[in-house]
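Accompanying notes for the structure given below.
The values are calculated or read from the model by the stated rules, or taken from the named source; none is laboratory data. Since we're looking at a predicted model, the values are computed, not measured. FYI the Cβ positions are ideal-geometry reconstructions off the backbone, even for glycines, and counts take in every protein chain you see.
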Amino acid sequence: MSQPQLLPTTDISACRNDFPSLHQEINGHPLTYLDSAASAQQPGVVIEAVARYHREDHANVHRGVHTLSHRATELYEGARDKLCNFINAVSRAEIVLTSGTTESINLVAQSYCRPMLKPGDQVLITWLEHHSNIVPWQLVCEQTGAELIVAPINDQGDIELDQLRALMTDRVKMLGVGHVSNALGTINPLREIIASAKEFGIAVLVDGAQGVPHMTIDVQALGCDFYAFSGHKMFGPTGTGVLWGREALLEKMPPYKGGGDMILEVTFDKTVFNELPYKFEAGTPNIAGTIGFGAAVDYLQSVGMSNINAHEKSLHDYMASELVKIDGLRLIGTAKNQASVQSFALNDIHPHDLGTLLDHQGVAVRTGHHCAMPVMQRFGLPGTTRASLGLYNSTDDIDRLVVALEKARTVFA
Amino acid sequence: MSVNEEMQDLYRHTILDHARTPRNFGRLDNATHSAEGINPLCGDKLRLYLSVNANDQIINAGFEGSGCAISVASASLLTEVVTDLSVADADVCFAAVTGRLTQQTTVVAAPKNVDLEKLKALDGVRQHPSRIKCATLAWHALHAALEQSSTTATTE
């Protein structure tokens, strides 16, 4: 899918001005926001889209014959169309709106896997996964008697592809794999992995939470069966997300939640479920958030995903090269192909102490286990400090990070 | 307070000293009481050991585990303070220290024979809501151990 490129690459530095929250001081220093992998800041157009809906267009969707309900429905369903286009889905019926990646994965575990898994079957994941791509599979394995198996990673943070392939057999019914590791930034070779899985007829879910903000996503080209992602990692509001699934699979899956909006007809004897994607969307949805999510898609496309990708790649290269110059600093995660996410350790300073010392200097980073405790165990660390970049970051942010780290080092010297 | 002063206020000399060279670090083989403290949000994890004699007096205290400078220093200071105290006095210390750090309105006074002056080194965390739990973790483990609770203490 081609992305519109309305701005030349050089103009991406102006994007920072689109984000009101970035222009403030924290502890007497300009805010240096390096925690976009946890949650990205929102551009003014997203904030305004949500506010305008509340101010002018609020009503429930899919219900009323009155004008406001019609407007709200148009905006809400318009966001679904934008998301459909954004990931190159075949049809809008494949775009299930959820509260985020976690709910999307739980939906697949409970609605696709649970009726199908039998004792002796296996669900395959990798050592890179964060908790929301581990725990839903653990739960469904406990419920069905299936077994969860895990493919290892190497010291750089790359999946050991030979060993992943060796674990693929006819017993494996589902592979859950992240697009990009939230803790180490590894970009997984998805096409290769998915092609291998397909030789064994294994269904594949891609956890795309960290993929969508950084690169063009084409679910048809990837060849997976499900792709899950969240709005707030890509400059939209929290509490929004998508489960994309192949229509033929979604069609066969039972509803995940019961309630209003997911039905065609209800009597006390029987309920006839609504068509896709509404079958999976019980209750009044996050209308305002989803409208903001749609505005975030518009924003990303106006900047251009390839511009974003190029900008972040050059920034990440700069960050890695500057960080290793710091005495006692060790990069954690040096995969062949890395997104703009970098974990590191500084001497034996605990990540939480480092995070507090950086915050004193206006630098916001994530510290701890990044909801990926097995990854930390793999590297023998209680946690790491992680700097993650978004399209609004610049080399100035990285220079401020380096200065703040040097200062933190002296406190613990 | 300048940013430099704030950093120094949180990471006072006593904290850095106890974090670098924690006192009474390691498993106590003759422990009569023990409890684990886990801070589920940040992964700090320690186990506190107490050896209590027939007169309900703590004759030895130790800990092991991993955590940030604040949580390790707090645990180290705790083992120094509670050694030789009666079980009842140690539990009053728990209430006094956690009450002070979380700025409870009703202040619990330290037992008369106990000097908690050194623990004022932890006061810097009161300005850092996300770090208060690091400082109170070991004290919750103490309380759980004294209650002979078999469950894990958390700061939640």
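Remarks
- Count - residues of the stretch A:341-366 that are surrounded by fewer than 24 Cβ atoms within 10 Å (Cβ to Cβ), without any contact (Cβ under 8 Å) to a residue 40 or more places away in the chain and under 19 Å from residue B:41 (Cα atoms): 0
- Of the set (1) surrounded by 14 or more Cβ atoms within 10 Å (Cβ to Cβ); (2) at pLDDT 95 or above; (3) not assigned by TED's automatic domain parsing to the domain that holds residue A:285, all apply to residue A:108 but (3).
- In this entry, residue A:288 is excluded by the filter for residues that are crowded, with 18+ Cβ neighbours inside 10 Å, away from every other protein chain (no Cβ under 14 Å), under 30 Å from residue B:44 (Cα atoms) and in contact (Cβ under 8 Å) with a residue 24 or more places away in the chain.
- Residue within the stretch B:134-145 that is part of a loop (DSSP other than H, G, I, E, B) and surrounded by fewer than 24 Cβ atoms within 10 Å (Cβ to Cβ) present: no
- The set of residues in the stretch A:152-182 that are surrounded by 24 or more Cβ atoms within 10 Å (Cβ to Cβ) and either in the same structural domain as residue A:340 (by TED's automatic domain parsing) or small (Gly, Ala, Ser) (or both) comprises A:157, A:176, A:178, A:181.
- Residue match in the stretch A:56-75 (condition: within 19 Å of residue A:15 (Cβ to Cβ) and more than 18 Å from the chain's Cα centre (by Cα)): no
- Breaking point among (1) surrounded by fewer than 16 Cβ atoms within 10 Å (Cβ to Cβ); (2) assigned by TED's automatic domain parsing to the domain that holds residue A:83, for residue A:327: (2)
- Extreme residue, surrounded by the most Cβ atoms within 10 Å (Cβ to Cβ), among residues of the stretch B:2-44 that are more than 9 Å from every other protein chain (Cβ to nearest Cβ) and at positive phi: B:24
- A single member of A:201, A:178, A:120 is in contact with a strand residue (DSSP E or B) (Cβ under 9 Å, 6 or more places away or on another chain), closer than 24 Å to residue A:366 by Cα and of a type outside the set (A, V, I, L, M, F, W, C), and it is A:178.
- Answer residue from the stretch A:241-265, given it is in a loop (DSSP other than H, G, I, E, B), in contact (Cβ under 8 Å) with a residue 24 or more places away in the chain and not small (Gly, Ala, Ser) and is surrounded by the most Cβ atoms within 10 Å (Cβ to Cβ) among those: A:256
- Restricting the stretch B:66-99 to residues that are within 14 Å of chain A (Cβ to nearest Cβ) and hydrophobic (A, V, I, L, M, F, W, C), the residue that is surrounded by the most Cβ atoms within 10 Å (Cβ to Cβ): B:75
- Per-region count, the stretch A:13-30, residues of a type in the set (D, E, K, R), under 23 Å from residue A:312 (Cα atoms) and more than 25 Å from the chain's Cα centre (by Cα): 0
- On inspection, residue B:72 does not qualify as at pLDDT below 95 and of a type in the set (Val, Ile, Thr).
- Restricted to the stretch A:303-404, the set of helices (runs of 4 or more DSSP H) holding at least 2 residues that are within 14 Å of chain B (Cβ to nearest Cβ) comprises A:351-359, A:373-378.
- Some residue of the stretch A:384-395 being over 22 Å from residue A:214 (Cα atoms), touching a residue at least 40 places away in the same chain (Cβ under 8 Å) and surrounded by fewer than 22 Cβ atoms within 10 Å (Cβ to Cβ): no
- Matching option when the condition is assigned to a helix (DSSP H, G or I) and outside the structural domain of residue A:311 (by TED's automatic domain parsing), among A:16, A:63: A:16
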